[in-house]
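These notes concern the structure reproduced below.
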Amino acid sequence: MTDNAAFDRVELGRQMADDETLIADVIRLFLDDCPTRLAEIRAAITAQNAEQLRTTAHALKGAAGYMAAARVVAAAAALEVMGREGRLSEAPEAFSLLEAESAQLLAELRVTLPRS
Amino acid sequence: MRTLVADDDRVAAEILSRTLKRWEFEVTLVTDGAEAWQYLQNASGPTLAVLDWMMPHLDGPEVCRRVRKELPLANMYLILLTSLDHRRDVVAGLDAGADDYVIKPFDPEELRARMQVGVRVLTLQERLAERVSELQAALSNVKQLHGLLPICSYCKRIRGDDQYWTQVESYIAERSEAQFSHGICPACYVDLEKQISSYHKDHS
């Protein structure tokens, strides 16, 4: 893993016992789901709904964990804590960071997929 | 081994179910806690369940709580999935009735080892349950020979629950594993000998 890579390919492989078919299928699922998860987080922030922010950020954090995507995990975890503690004023800025990190992650994941 | 995976996240659910299938677990996948509870209520035989902590409708600990309260005799091994920053909640999860927990994202070797513990516990409990039912069957045979038996003071027949008078040996043989070999005891032999010789005397 290079210093600025969005995910750790070795760790991702290890978590799935280096089953390349499973890895590719799961990456596709994540590519599909991530934009929806981000939209749900954005909606929670717009609605100023702390509980919804906590659960939606938690969900993205969990999925990103399986991608071994440390920075997206950290950004989602920060939003989850804001949701739990009701600190919604800080959420828009944290969400911008999460969006940027996610965009980089998705781009890198797409590149790793075998061409179909 | 029959195994339930309950996780509302598609990524986690896919990884879990395919990993467990590769290890030859018989996997059923559900996506919320209410479905998990419904599945477990209808499950018969030993069942392993891997339950995500946070799920819609019922969370993982609540599913564990219901299983332990409402299905106290069910042979189920429950593993909760929790994230690293919720590790402090582990005690609450175990108190709710979980047998074990795994931190997400899970380490495959750790998960496999913990699943094997579950299989071992469920298999032992299953064997124990079989042994208990064998013993109960044996005990019910023995119990039939307990209690107050009405017996005729003269012919020694016993009156059964069906009100018929039965000879002692057939009464016991029907209600136990005992079998009878007929013979004659020394005291009866002497009496019988006397009776035979007096019969001969009277008729000679």
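Quick note: the coordinates plus some simple rules give every number you see, no bench work behind them. Being a predicted model, the structure only gives us computed values, none of them experimental. A quick note on method: Cβ atoms are made from the backbone with ideal geometry, for glycine too, and the neighbour counts reach across all protein chains shown.
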Quiz item: Relative contact order for the stretch A:27-105 using alpha-carbon pairs under 8 Å, separation at least 6, rounded to a whole percent?
Solution: 30
Exercise. Taking the Cα atoms of chain B, report the difference between the largest and smallest coordinate on each principal axis, in whole Å and largest first.
Key: 107, 31, 27
Quiz item: Which ordering of B:80, B:20, B:135 is given by a fewest-first count of other beta-carbon atoms within 10 Å?
Solution: B:135, B:20, B:80
Quiz item: Please report, for the Cα atoms of the stretch B:127-189, the Rg to one decimal and the Dmax as a whole number; what are they, in angstrom?
Solution: 15.7, 52
Exercise. Return the distance in nm (one decimal) between the two label points of a simple spin-label model at residue B:135 and residue B:198, each offset 7 Å from Cα along Cα→Cβ.
Key: 5.4
Quiz item: On a 0 to 90 degree scale, rounded to 10, what angle separates helix B:186-203 from the longest Cα axis of chain B?
Solution: 30
Quiz item: With the contact rule set at Cα under 8 Å and sequence spacing of 6 or more, what percent relative contact order holds for the stretch B:70-204?
Solution: 14
Exercise. Please state, rounded to one decimal and in Å, the Kirkwood hydrodynamic radius that chain A gives when every pair of distinct Cα atoms enters the mean of 1/r.
Key: 14.3
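Given a cut-off of under 8 Å on Cα pairs at least six residues apart, what relative contact order in percent is computed for the stretch B:1-84?
On the way: 141 pairs, mean separation 27.3, N = 84.
For the stretch B:1-84, the relative contact order is 32 percent.
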Exercise. Just flag the chymotrypsin sites (Phe, Trp or Tyr not before Pro) in the stretch B:175-204 sitting in loop per DSSP whose Cβ has no more than 12 other Cβ atoms within 10 Å.
Key: B:180
Quiz item: So, in nm, how far is label residue A:10 from label residue A:108 when the simple model puts each one 7 Å beyond its Cα toward the Cβ?
Solution: 1.4
Exercise. Report, in degrees rounded to the nearest 10, the 0 to 90 angle that the Cα long axis of helix B:33-42 makes with the longest principal axis of chain B.
Key: 20
Practice problem: For residue B:81, enumerate residues with amide H under 5 Å from its amide H, sequence gap 5+ or separate chain, H modeled in the peptide plane. | Solution: B:51, B:52, B:53, B:102
